[in-house]
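Enquirer: My questions all concern the structure below.
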Amino acid sequence: MTELPTGTVTFLFTDIEGSTGLLQTLGARYAAVLDEHAAIVRRAVADGGGVEVSTHGDAIFVAFRSPLAAVRAAAAAQRGLASHDWSPGPPLRVRMGIHTGEGTLGGDDYVGIDVHRAARIADAAHGGQVIVSDATRGLVEHTLPEGASLRDLGLHHLRGLTDPERLHQLVVAGLESDFPPPRTLDARPSNLPPQLTSFVGREEEITEVERLLGQTRLLTLTGPGGSGKSRLALRVAADLLPQYRDGSCFVDLAPVTDPALVPAAVANALGVPESAGRPILDEVKDHLRNRELLQVVDNFEQVAEAGPVIEELLTAAPRLRTMVTSRVVLSLRGEQEYAVPPLHVPDPGRLPLDLSALTGVEAVRLFTERAKAASPRFALTEQNAPVVAEITARLDGLPLAIELAATRTKVLTPEQILSRLKRRLSILTSGSRSLPERQRTLRAAIAWSYDLLDPVDRRLFARLSIFTGGWTFESAEAVCDPEGLGVDALDGLTSLVDKSLIRRVEPPGRPARFSMLETIREFGLEQLEDTGELEPVRRRHAEHFLGLAEEAEPHLTGKDQGEWLDRCDQEHANIRAALRWAIETGDAGRAQSAAGGLWRFWQQRGHLAEGRRWLEEVLAMPSGQGPTAARAKALAGAGGIAWWSDREASRALYGEALAIARGLGDPARLAEALYNQAFVVAAEQDVEAAARLLDESLELFRQLGDEAGAARAQVMLVVRDAMAGAWDLVVATTEEVAAIWRRLGDRLNLAFDLIWLAFAYGRAGRPDDARATALEALDLFREADDATGIALTFLDLAFLLTWEGRHEDAIRMAAVSKSHRDRAGGGPTPGFGGMLEGDPLAEAGAHLSEDAARRAWEEGLTMSVPEAVTLARGAAGR
């Protein structure tokens, strides 16, 4: 064997694309094809002076002393492969990757990160493509052979590597040059959460989990809390992401305690909307049916009864694979369990003499990295290495326990940590024998870290465990009363972050949030209960978030609408817990008032089914059956949600709310109830009855000096003018009201009125004004991510386009509206008395053949929002 080059070396990896399928196609001929391929590659390598390092199956690893020689060899190999006659089988396509770096030998092979980087670059290529690293590009770009050039592919995250790599494609004259984006982590849709700390070790576990996922469609990673299940699952999912055409999806069930909410949590993670009258699980199954996707479902043990949901999804979607993390096995058909082992730890009685060997042990590496993060001056030395080794062994190699101990290096030496840890472990592992040994060890490590807190920090930590789904600084101040504990909230939170008992995250463009790992949170709740503080803190938590729900109500339509919708989304888990508390304690007034105030959030952000369930539950509370203002508010909210899916139910709910309002004698509530009831009456074509309700509502709003309420009633009254065909009057009134909304900053009502105004402009023969107005409404709805409003605007545009004679485009736009209406859960409902009444499909279809109308409809169903906007704007100048 030729001696392998060292120093600066250029590595070339090659790999046949789709080799498994090729083997199945060619059968016995595959071996001959493999040899022909290898001969072509080896001839090009030999001509370039490369040295073959190894061959694994159909993959070849080569080293070159010259980066230019590596590039020339890759180009020559691809030319040879492209010109070869592979008949009677399909053409052979080989992916190649080149990287220049440090060539360090370990035995008869190379070791080090640069070898891994070169292999990952090859993985990113498509068959027939050569991808080159930025390091190699810098060495060869000015000396490339004739007919070759480099195309910048941008920055890409490679599997298993932390920092992104700028990649370049080697373009060779006469060979294919147009390829899809590189097969990197960036090329597939994914909501995998970014990891804020390094991933240490687990190479064997990663390999085994990836192997098992290749054999089963349901893999459950089991182990006690803190064993590293979630980190391992996320790492494997990130590594395998390029292999799944439709990417990966992470479903975090940590804030979910009701098994009935699991389908909604999966739908939310996938971005699947609800549809009226249809279970959300059916929507998810339809969404996944033809997708090739890796799903990671985290923290399943607390909703184990929902296991059949996973089974149903796998049955409905044959190319879906699911990786679950759970403290218990799910016992589902086809399930493969993988018990996540602890990290490798050294035997304290038989430590290696070589420090470098000890630093290679996973548990020691984890302790060292986390200790350096806590105290940059920390270093593993000959003196403290045996102590660190014993610490990791005492902690059974549990990652969370090791991380908690390592943070103590900020104030303690490893010897001091070990001394205190020995005492704590001996005390706690002798109790609670019903727990598995590793679970007792972890609890001991958490308890030890808890015991090291000063008394004030202990109480703050326990109180913070009441939050689910995280919290903000302001919520911590309101719920945990740090001032009453004698500690500044910021100082207390910072102290707990420093000790790794809580985590701080900073969502882009949003205030910082804090959270706890579920295992630590459970421990904190136990401490809160032991001290007798659980119920009072739970009450403060509930009152805070019930108050937040009520505070949000006026903002969900105003100028800061997007901010408050996002805030409710972020705090949804805490709001659920607060509503559950109110129901369990029989506080119907608070529950009904908060749920009634949230209906616009549930409607605009696609939580219609969940909102409907909450409102039904609070309205059914025995203590909430009286004709109170809170019940009237919840009825109005339930009517508002039903408006988008079940108009008959909406009328009954609004009707009861109106009856309560009349009985209470509250003019403001009565005005609102009259206005709401007018909606469903108008939608049933009884325009005169609706007008009587609106006249009464308008008079009350004016008596109260409620300009916004009066404006809403006033604009609804244009229905009479619309029915009479007096479109100039409709335009004048709606323009006047739109000006009010602009002045008041009410974005939602402005958007809705612009839809009616655009329709009126169209009827009045002002197409340019109509189109511009509808597009402004669309912008407002898109900024709020309001699928119901987006659907309504596209329906508006469908009318406008057919009136302009663009009948095929009108049908396309109606199809776009339908797809968004489905996303919105069945809304929007038709308009009132001539306002969006009628059928643009029928109007447009009357001018087209059946085939032309069908083609236009199918095209519209697949159009994106930007494409639809471009289609609408294209009307200008026609």
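The values are calculated or read from the model by the stated rules, or taken from the named source; none is laboratory data. Since the model is a prediction, treat every value here as computed from it, not as a measurement. Heads up, the Cβs are rebuilt from the backbone with ideal geometry, glycines too, and the neighbour counts pull from every protein chain shown. Ligands, DNA and RNA are excluded from the accessible area calculation, which covers all protein heavy atoms including side chains. Shrake-Rupley method; radii C 1.70, N 1.55, O 1.52, S 1.80 Å.
Enquirer: Among the residues of region 201-226 satisfying the criterion of being of a type in the set (A, V, I, L, M) and either touching a Ser or Thr at 6+ places or on another chain (Cβ under 7 Å) or in a helix (DSSP H, G or I) (or both), which is nearest to Ala238 (Cα to Cα)?
Expert: Ile206
Enquirer: Look at Ala389 and say whether it is closer than 16 Å to Ser227 by Cα and not in a loop (DSSP other than H, G, I, E, B). Give the steps one after another, and end with the answer.
Expert: Values: closer than 16 Å to Ser227 by Cα: no; not in a loop (DSSP other than H, G, I, E, B): yes.
No.
Enquirer: For residues in region 91-109 being closer than 18 Å to Pro5 by Cα, surrounded by fewer than 24 Cβ atoms within 10 Å (Cβ to Cβ) and in contact (Cβ under 8 Å) with a residue 12 or more places away in the chain, which is nearest to the chain's Cα centre (by Cα)? Spell out how you get there, then give the answer.
Expert: Here is the first cut: in region 91-109, the ones closer than 18 Å to Pro5 by Cα are 98-109.
Next cut, surrounded by fewer than 24 Cβ atoms within 10 Å (Cβ to Cβ) only: 101-109.
Filter once more, keeping what is in contact (Cβ under 8 Å) with a residue 12 or more places away in the chain: 101-105, 108-109.
Numbers: Gly101: 36, Glu102: 38, Gly103: 40, Thr104: 40, Leu105: 42, Asp108: 45, Asp109: 41 Å.
Filtering first and then ranking leaves Gly101.
Enquirer: Do we have any residue at all in region 110-117 that's closer than 13 Å to Phe13 by Cα, among the β-branched types (Val, Ile, Thr) and in a helix (DSSP H, G or I)?
Expert: yes
Enquirer: For region 568-586, does any single residue satisfy the condition of being part of a loop (DSSP other than H, G, I, E, B), more than 30 Å from Gly745 (Cα to Cα) and open to solvent by 20 Å² or more (accessible area, probe 1.4 Å)?
Expert: Initial filter on region 568-586 (part of a loop (DSSP other than H, G, I, E, B)): 571, 585-586.
Right, trim to more than 30 Å from Gly745 (Cα to Cα) and you get 585-586.
Imposing the further condition that a residue be open to solvent by 20 Å² or more (accessible area, probe 1.4 Å) reduces the set to 585-586.
Checking region 568-586: at least one residue is part of a loop (DSSP other than H, G, I, E, B), more than 30 Å from Gly745 (Cα to Cα) and open to solvent by 20 Å² or more (accessible area, probe 1.4 Å).
Enquirer: Pairs, please: C-beta under 8 Å, at least 6 apart or cross-chain, first residue free of Cβ contacts under 8 Å to residues at least 60 places away in the same chain and open to solvent by 10 Å² or more (accessible area, probe 1.4 Å) and in region 635-661, second assigned to a helix (DSSP H, G or I) and among the aromatic types (Phe, Trp, Tyr)?
Expert: So the pair list comes out as Ala636/Trp599; Ala636/Tyr654; Ala638/Trp599; Tyr654/Phe679.
Enquirer: Of all residues in region 702-713 being in a helix (DSSP H, G or I) and among the small types (Gly, Ala, Ser), which is most open to solvent (accessible area, probe 1.4 Å)? Explain how you work it out, then say what you get.
Expert: Just the residues of region 702-713 that are in a helix (DSSP H, G or I), to begin with: 702-704, 707-713.
With among the small types (Gly, Ala, Ser) added as a condition, the list becomes 708-711, 713.
Numbers: Ala708: 32, Gly709: 1, Ala710: 14, Ala711: 1, Ala713: 0 Å².
Among those that are in a helix (DSSP H, G or I) and among the small types (Gly, Ala, Ser), it is Ala708.
Enquirer: I've got another one for you. Please go through region 508-525 and pick out each residue that is free of Cβ contacts under 8 Å to residues at least 60 places away in the same chain and under 16 Å from Trp471 (Cβ atoms).
Expert: Step one: list which residues in region 508-525 are free of Cβ contacts under 8 Å to residues at least 60 places away in the same chain, which gives 508-509, 511-516, 521.
If the condition is that a residue be free of Cβ contacts under 8 Å to residues at least 60 places away in the same chain and under 16 Å from Trp471 (Cβ atoms), then Pro511, Ala512, Arg513, Phe514, Ser515, Met516, Arg521 are the ones that fit.
Enquirer: Let me ask you something else. Would you list the helices (runs of 4 or more DSSP H) that sit entirely within region 714-768 and hold 1 or more residues that are more than 25 Å from Glu672 (Cβ to Cβ) and β-branched (Val, Ile, Thr)?
Expert: Working: elements: 718-723, 727-744, 747-763.
Fully inside region 714-768 and qualifying: 727-744.
Enquirer: Here is a further query. Among what's in region 350-375 and is in a loop (DSSP other than H, G, I, E, B) and of a type outside the set (D, E, K, R), pick the residue that is modelled with the lowest pLDDT. Spell out the reasoning first.
Expert: Taking region 350-375 and keeping what is in a loop (DSSP other than H, G, I, E, B), we get 351-354, 360-361, 375.
With the extra rule that they be of a type outside the set (D, E, K, R), the set shrinks to 351-353, 360-361, 375.
Details: Leu351: 63, Pro352: 59, Leu353: 56, Gly360: 77, Val361: 86, Ser375: 85.
Going through the qualifying residues, I end up with Leu353.
Enquirer: Among the residues in region 757-764, are any open to solvent by less than 60 Å² (accessible area, probe 1.4 Å) and modelled with pLDDT under 90?
Expert: The initial filter retains those residues of region 757-764 that are open to solvent by less than 60 Å² (accessible area, probe 1.4 Å), namely 757-762, 764.
From what is left, the residues that are modelled with pLDDT under 90 are none.
So far as region 757-764 goes, no, none of its residues is open to solvent by less than 60 Å² (accessible area, probe 1.4 Å) and modelled with pLDDT under 90.
Enquirer: Anything in region 157-179 that is under 15 Å from His116 (Cα atoms) and either modelled with pLDDT under 85 or of a type in the set (Val, Ile, Thr) (or both)? List them, or say none.
Expert: Answer for region 157-179, where residues must be under 15 Å from His116 (Cα atoms) and either modelled with pLDDT under 85 or of a type in the set (Val, Ile, Thr) (or both): His157, Leu158, Arg159, Gly160, Leu161, Thr162, Asp163, Pro164.
Enquirer: Within the bounds of region 503-526, is there any residue that is surrounded by fewer than 21 Cβ atoms within 10 Å (Cβ to Cβ) and more than 28 Å from the chain's Cα centre (by Cα)?
Expert: yes
Enquirer: Oh, and also: Return yes when Ala722 is farther than 28 Å from Asp666 by Cα and touching a residue at least 40 places away in the same chain (Cβ under 8 Å) and no when it is not.
Expert: Yes: the conditions hold for Ala722.
Enquirer: Would you be able to say whether some residue in region 543-557 is in contact with a Cys (Cβ under 7 Å, 6 or more places away or on another chain), closer than 18 Å to Gly596 by Cβ and open to solvent by less than 10 Å² (accessible area, probe 1.4 Å)? Give the steps one after another, and end with the answer.
Expert: Narrowing region 543-557 to residues in contact with a Cys (Cβ under 7 Å, 6 or more places away or on another chain): 552.
From what is left, the residues that are closer than 18 Å to Gly596 by Cβ are 552.
Keeping just the survivors that are open to solvent by less than 10 Å² (accessible area, probe 1.4 Å) gives 552.
Looking for residues that are in contact with a Cys (Cβ under 7 Å, 6 or more places away or on another chain), closer than 18 Å to Gly596 by Cβ and open to solvent by less than 10 Å² (accessible area, probe 1.4 Å), one finds at least one in region 543-557, hence yes.
Enquirer: Which condition number in (1) within 28 Å of the chain's Cα centre (by Cα); (2) of a type in the set (A, V, I, L, M); (3) modelled with pLDDT of 85 or more; (4) surrounded by fewer than 20 Cβ atoms within 10 Å (Cβ to Cβ) is the one that Val487 fails?
Expert: Tallying (1) within 28 Å of the chain's Cα centre (by Cα); (2) of a type in the set (A, V, I, L, M); (3) modelled with pLDDT of 85 or more; (4) surrounded by fewer than 20 Cβ atoms within 10 Å (Cβ to Cβ), Val487 fails exactly one: (1).
Enquirer: If you scan region 726-749, which residues turn out to be among the basic types (Lys, Arg) and either more than 17 Å from Glu776 (Cα to Cα) or crowded, with 16+ Cβ neighbours inside 10 Å (or both)?
Expert: Of the residues in region 726-749, the ones among the basic types (Lys, Arg) are 742-743, 747.
Across region 726-749, the qualifying residue is only Arg747.
Enquirer: Can you tell me which residue within region 10-38, out of those that are open to solvent by 40 Å² or more (accessible area, probe 1.4 Å) and among the small types (Gly, Ala, Ser), is farthest from Asp123 (Cα to Cα)?
Expert: Ala28
Enquirer: Here are some residues: Asp152, Asp123, Asp85. Which one is within 31 Å of the chain's Cα centre (by Cα) and outside any helix (DSSP H, G or I)?
Expert: Values: Asp123 fails: outside any helix (DSSP H, G or I); Asp85 fails: within 31 Å of the chain's Cα centre (by Cα).
Residue meeting the stated conditions: Asp152.
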